[in-house]
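The values are calculated or read from the model by the stated rules, or taken from the named source; none is laboratory data. All figures in this text were calculated on a predicted structure; none of them were measured in a lab. Glycine also receives a Cβ, built like all others from the backbone with ideal geometry; neighbour counts cover every protein chain displayed. Each accessible area value is taken on the protein alone, full model and side chains, heavy atoms only, with ligands, DNA and RNA left out. Shrake-Rupley method; radii C 1.70, N 1.55, O 1.52, S 1.80 Å.
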Amino acid sequence: MQSIFGTDGIRGRFNEEITYSLAYKVGYALGSTLEKKNPILIGRDTRISGDILLQAITQGINKSGKKCINLGICPTPAIPFLIKQENLSSGIMISASHNPPEYNGIKIFDHNGQKITKYFENKIQKFIDESKQNISVPKKVLPLNTNTDLMDIYIKSLIQTMGGENLSGLKIILDTCYGSATTCAKKIFQLLGADVRVINNSKNGLKINKNCGSTNLAPLKKALRESPADMGFSFDGDADRVIGIDSKGNVLDGDHILFLWGRELMEQKILTNNLLISTQMANIGFEKSWKEIGGSLYRTDVGDKYVHDAIKEKSAVLGGEQSGHILSKINNFSGDGILTALQISKYCKKKKINLHDWLKSSFEPFPQKLTNINLDFNINKLNSKTKILIDQTIEHFQSIYSDNCRVYIRPSGTEPVMRILVEAKNHKKVDSLSNEITNKLFLEINRITN
């Protein structure tokens, strides 16, 4: 059977790809597969479907003979941190990250706080494939007790990453996008002495990621214009990503974060081989500028698990994605948007430089354009012959451009879309190539699949 796992756990629309029955089976399969008897930690973001999926997973875990602890609404990185801290056997985060409210997902972590391996995914998949039972939704969703003490431990751990530094004198605006960051981002920045204003800060699962957050920076830019501040940070639905904005409205994306943070670590001589890990989405301008100052950049496929694997393989200390998902040695390479925002703020304070001026010292990005082709099918469910034809078509388009003009095409791992990235030295070339490739690829995919 087709794997239920994508690039980042299980993801899909609630009551379509992600059902009560599937969530129950995932909980049962996980509990049955684990050797350790210690409890399993479960958290979720604010999505309306989170409650019912939490109950399904919990019932499945209990049926397997294991126990679980409900952390409630929390940032995804709280789960891996607390697994290690409290010596738990595993953890689950119920979230669809940056996806719209109708989506949800299940991210699974092992006893080391790492996302589970392909081998572990296959064991869970086998359990589910062999289960013929269809679990129906109960008439009543029962509330589960929430362990609030564990969230306090996570919050304290983030403050401790500052090494005694504070953020007093800094004026910061946060967009918590109605998601997981609403639970603690404001509190953490205030405890560190920052003057904080927060937008989109209610726990609203109907609004999570809608026209806000790290995928839509307009509300944060507007807030910075209306109420000037030193900087702003915009999180995604489960707070494992962050994008910054300086006082003039310029964007600090994941590439800039890696460049600036990496340069600090390079100067401190703690960056292994001056190496950064990023993905195929990283800007050419970033790569060229990083090499010019003596650094090296290793690109992986898109997805934080590929970045994580490369970090481990090459003993790197920093890596991440242009989307703002940054992995650092500070917290065992668990992407944490709040941690990243704190580190950027800390450097600005220590260096006595505002984010606007610091960002100006970063690289000059090549113009990029990312276009989506909506697919009316799940590419993973196509037969192998059709998939090969699509792969060959993608390779053709990617191979015909030069070093200063790059094309990268990939199917999304979380949505039924094909993503086309085009970058070159000038905007006109990017726009014309993007339109040409998108139109040709759309027609070719339709020809192959019809």
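Data table
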{"item": "Shape of the stretch 235-277, Cα gyration tensor, a/c cut at 1.5", "result": "oblate"}
{"item": "Residue with peak Gaussian network fluctuation, the chain [Cα springs, cutoff 10 Å], from 176, 371, 58", "result": "371"}
{"item": "Where Rh is the Kirkwood radius over Cα pairs, Rg/Rh for the stretch 227-316", "result": "0.99"}
{"item": "Spread of Cα-to-Cα distances over 10 Å intervals beginning at zero, given as percent, for the chain", "result": "4, 20, 31, 27, 14, 3, 0"}
{"item": "Label zone at residue 210, where the point sits 7 Å out along the Cα-to-Cβ direction: the stretch 96-112 residues whose backbone N lies under 18 Å", "result": "96-105"}
{"item": "Percent of beta bridges antiparallel (DSSP, the chain, rounded to nearest 5)", "result": "55"}
{"item": "Net charge, residue 228 excluded, C-beta distance under 14 Å - Lys, Arg +1, Asp, Glu -1", "result": "+2"}
{"item": "log10 of Debye I(q)/I(0), alpha-carbon scatterers only, for the stretch 7-89 at 0.25 Å⁻¹", "result": "-1.37"}
{"item": "The stretch 55-122 - convex hull of alpha carbons, volume per residue in Å³", "result": "110"}
{"item": "Residue with peak Gaussian network fluctuation, the chain [Cα springs, cutoff 10 Å], from 288, 36, 351", "result": "351"}
{"item": "Pairwise label distance in nanometres, residue 51 with residue 384, each label 7 Å out on the Cα-Cβ vector", "result": "4.6"}
{"item": "Cβ-derived FRET efficiency at R0 25 Å, residue 86 paired with residue 117, nearest 0.05", "result": "0.70"}
{"item": "Accessible area (Å², per residue) of the stretch 323-450, counting only protein heavy atoms and a probe of 1.4 Å", "result": "51"}
{"item": "Given 369/440; 115/140; 84/156; 37/84; 207/248, the pairs whose alpha carbons are separated by over 20 Å", "result": "115/140; 207/248"}
{"item": "Positive-end extreme of charge dipole, the chain - chosen from 213, 151, 396 (charges on Cβ)", "result": "151"}
{"item": "Most positive-pole-ward Cα, 284, 268, 52, against dipole of the chain from beta carbon charges", "result": "52"}
{"item": "Residue 190 paired with residue 140, simple spin-label distance in nm, labels 7 Å along Cα-to-beta-carbon", "result": "3.6"}
{"item": "Options 258, 26, 442, ranked by Cα towards positive dipole end of the chain, top entry (Cβ charges)", "result": "26"}
{"item": "Charge tally in the Cβ shell below 9 Å around residue 254, where Lys, Arg are +1 and Asp, Glu are -1, residue 254 excluded", "result": "-2"}
{"item": "Top of 105, 169, 249 by mean-square fluctuation, Gaussian network on the chain, Cα under 10 Å", "result": "169"}
{"item": "Point-charge dipole on Cβ atoms (K/R +1, D/E -1) for the stretch 77-170, about Cα centre, debye to 20", "result": "340"}
{"item": "DSSP loop GluC sites (Glu not before Pro) with at most 13 other Cβ within 10 Å: longest gap in the chain", "result": "36-450"}
{"item": "Lys, Arg +1 and Asp, Glu -1 on Cβ, resulting dipole of the stretch 217-328 about Cα centre, debye, nearest 20", "result": "220"}
{"item": "Computed magnitude of the charge dipole of the stretch 14-121 (debye, nearest 20; Cβ of K, R +1, Cβ of D, E -1)", "result": "380"}
{"item": "Where only alpha carbons of the stretch 168-268 are counted, the Rg and the Dmax (Å)", "result": "13.4, 45"}
{"item": "Inter-label distance for residue 165 and residue 444, nm, one decimal - labels placed 7 Å from Cα along Cα-to-Cβ", "result": "4.7"}
{"item": "Percent carbon-and-sulfur accessible area, the chain, ignoring ligands, DNA and RNA, probe 1.4 Å", "result": "48"}
{"item": "Rg to Rh quotient for the stretch 104-262, alpha carbon positions, Kirkwood Rh", "result": "1.05"}
